[in-house]
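Visitor: Sharing a structure here in structure tokens format.
The values are calculated or read from the model by the stated rules, or taken from the named source; none is laboratory data. Model, not experiment: these values are computed from the prediction. Virtual Cβ from ideal backbone geometry, glycine too; neighbours counted across all protein chains shown.
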Amino acid sequence: MKITKQFIDKYNQAGPRYTSYPPATFFTEEFNTNTFQQSIIQSNSQQPENISIYIHIPFCPHQCSFCGCNTIIGKGKTFISKYIEALSKEINNVAKLIDNKRLVSQIHWGGGTPNSIPYEHIETIMNVLKTNFSFTDNPEIAIECSPAYLNFSDIDKLAGYGFNRMSLGVQDFNEDVLSFVNRKPPKYPIDEIVKKLHKTGFTGVNIDLIYGLPKQTVESFIETTKKAIAINPDRIVTFSYAHVPWVKEYQKALEKEGLPKPEEKMEMFITSLEKITSNGYVAIGMDHFAKPDDELSIALDNKKLHRNFQGYCTRETTGQVYGFGASAISQFYGAYAQNEKNPEAYIKMIDNKGFATIRGYSTNSEEQIIHTVINEIMCNNYLNFEQTAKEFNLSAEQLKNIVGFDKNKFEEFVKDDVIQLSENEIVVKEKGRLIVRNIAMKLDPALKTGKQLYSKTV
Ligand SMILES: C[S@@+](CC[C@H](N)C(=O)[O-])C[C@H]1O[C@@H](n2cnc3c(N)ncnc32)[C@H](O)[C@@H]1O
Ligand code: SF4
């Protein structure tokens, strides 16, 4: 794939990631703990029927200077215990409002670093979930782990609590890069950890990499990519480094060395994409790769790939998402609700009110339709106006009006050979996947623009 600097300059603009629609910049404080409780009750009659659960652990022992996650450093055992108590209370309170016939098909633990807290807390929370909910036959239970704090015996413990998926934050195999970004190296070799995970029965084992960090070069990142492939994980993610120093001030430290230029970053992405896909992985969405027999690849084939705040998923397993813990976002068919981000304030809110929502958004029916359209483009690289319109009992013309479709807005994309456009379809071509956010932006009638609102699309 040949990408010119001109192409990158043309499309490298700030834009939403569309993890939600409308994007989180629309959430307001009018949406409070009362609205949240009403939304939970409404979610009981919304599709999909399953329950997805997100547990946020906002603790890390050490600050990586590239980090864009919601986490705090250096909290002691007493504070973490109080947090776990609050988390248990929150789960109990929310569960009371959920229809008990609905089944949990998915649990995702993220952070921060969930594997850096004492493991008895992980067991406690899993038991609280098992007491409050019934599960499908084979739920996906995933945890994000930093290999700096992972022992082999931890993997057995996690399997014992029911975990069957793991995402390992590797970021880069190059020690110079890791050391410059203040990242603790893995405690044990990643290939041995992945072997142990597979032996213990984990599936969907994932390796996270980041490109666009200081000290990385196109050559060094391709070496990292090759090492990741040789380890043979089920999935690989190549995140584009999001530099947002106006939100995360410590990221400024990385500017001293200088970040790779956008064209170098694009080269890193393309060469790694080519390497990963030529080694038998299927490209999922913008930056995820999975083995052909992985359920994500099968869902993409069937145009049933889906996405929520936890990443790509299949329409079959994804349910209404109930998020627990500081900063966690619940994602229902008709609403988004975000918890207080500061863990101390979160504990106080749970103690005082039983819930910790501080902002959110109730979506109207048009926004739900636009969400589906944008999801089709972002996940399945394909939009069929007639088919999607049918899901909402609309005509293709009505659907086009709702998303403000105008053929002229897509002409440049056709000229640049990133999409194939016909009366009824938009097909995103291989090159178009690199700028899929730009394409989605043309189907977003409420697009907000402005400085420092979003990260760059490339
Ligand atoms: C919560 S962390 C994963 C667990 C653990 N804390 C770790 O770092 O290994 C989730 C992932 O987000 C990605 N990430 C963090 N900061 C990022 C940033 N500024 N831009 C892009 N990706 C980022 C990293 O690849 C990381 O593995
Ligand atoms: S370990 Fe993960 S969450 Fe914690 S600071 Fe580093 S990147 Fe961020």
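Visitor: Name every residue in region 37-65 that is out of contact with any Phe, Trp or Tyr (no Cβ under 6 Å at 6 or more places or on another chain) and hydrophobic (A, V, I, L, M, F, W, C), in order of residue number.
Guide: Ile40, Ile41, Ile51, Ile57, Phe59, Cys60, Cys64
Visitor: Please specify each residue of region 187-210 satisfying the condition of being more than 22 Å from Ser272 (Cα to Cα) and within 16 Å of ligand 2 (Cβ to nearest atom).
Guide: The initial filter retains those residues of region 187-210 that are more than 22 Å from Ser272 (Cα to Cα), namely 187-188, 192-193, 195-203.
Answer for region 187-210, where residues must be more than 22 Å from Ser272 (Cα to Cα) and within 16 Å of ligand 2 (Cβ to nearest atom): Lys187, Ile193.
Visitor: Of all residues in region 159-192, count the ones that are outside any loop (DSSP other than H, G, I, E, B) and either away from ligand 1 (no atom under 13 Å from the Cβ) or in contact (Cβ under 8 Å) with a residue 24 or more places away in the chain (or both). Spell out how you get there, then give the answer.
Guide: Quick first cut of region 159-192, residues outside any loop (DSSP other than H, G, I, E, B) only: 159-161, 165-171, 175-180, 190-192.
Then keep just the ones that are either away from ligand 1 (no atom under 13 Å from the Cβ) or in contact (Cβ under 8 Å) with a residue 24 or more places away in the chain (or both); that gives 159-161, 165-171, 175-177, 179-180, 190-192.
The number of residues fulfilling the criteria is 18.
Visitor: Scanning for something assigned by TED's automatic domain parsing to the domain that holds Thr25, within 19 Å of Ala14 (Cβ to Cβ) and either more than 16 Å from ligand 2 (Cβ to nearest atom) or without any contact (Cβ under 8 Å) to a residue 24 or more places away in the chain (or both), does region 236-246 turn up at least one residue?
Guide: Of the residues in region 236-246, the ones assigned by TED's automatic domain parsing to the domain that holds Thr25 are 236-246.
Narrowing further to those that are within 19 Å of Ala14 (Cβ to Cβ): 239-246.
From the residues that got through so far, the ones that are either more than 16 Å from ligand 2 (Cβ to nearest atom) or without any contact (Cβ under 8 Å) to a residue 24 or more places away in the chain (or both) too are 245-246.
Yes - at least one qualifying residue is present in region 236-246.
Visitor: Here is a further query. Can you name the helices (runs of 4 or more DSSP H) wholly within region 1-120 that have at least 3 residues being touching a strand residue (DSSP E or B) at 6+ places or on another chain (Cβ under 9 Å) and buried (at least 18 other Cβ atoms within 10 Å of the Cβ)? Full working, then the answer.
Guide: Details: elements: 5-11, 33-43, 77-97.
Per the criteria, 33-43, 77-97.
Visitor: Right, here's the next one. Can you run down the residue pairs with Cβ atoms below 7 Å, 6 or more apart or on separate chains, where the first is in region 129-158 and in the same structural domain as Gln171 (by TED's automatic domain parsing) and among the aliphatic types (A, V, I, L, M) and the partner is within 16 Å of ligand 1 (Cβ to nearest atom) and assigned to a helix (DSSP H, G or I)?
Guide: Sorted first by the residue in region 129-158, then by its partner, the pairs are Ile143/Pro114; Ile143/Asn115; Ile143/Leu158; Leu150/Asn115; Leu150/Ile193; Ile155/Leu197.
Visitor: Looking only at region 101-110, decide whether some residue is modelled with pLDDT of 95 or more, within 12 Å of ligand 2 (Cβ to nearest atom) and within 22 Å of the chain's Cα centre (by Cα).
Guide: yes
Visitor: If you don't mind, there's one more thing I want to ask. Which of the residues spanning region 261-284 are touching a residue at least 24 places away in the same chain (Cβ under 8 Å), out of contact with any strand residue (DSSP E or B) (no Cβ under 8 Å at 6 or more places or on another chain) and not in a helix (DSSP H, G or I)? Full working, then the answer.
Guide: Applying the first criterion (touching a residue at least 24 places away in the same chain (Cβ under 8 Å)) to region 261-284 yields 262-276, 279, 281, 283-284.
After this cut, where a residue has to be out of contact with any strand residue (DSSP E or B) (no Cβ under 8 Å at 6 or more places or on another chain) as well, the list is 263-264, 266-267, 270-271, 274-275, 279.
Selection gives Asn279 alone.
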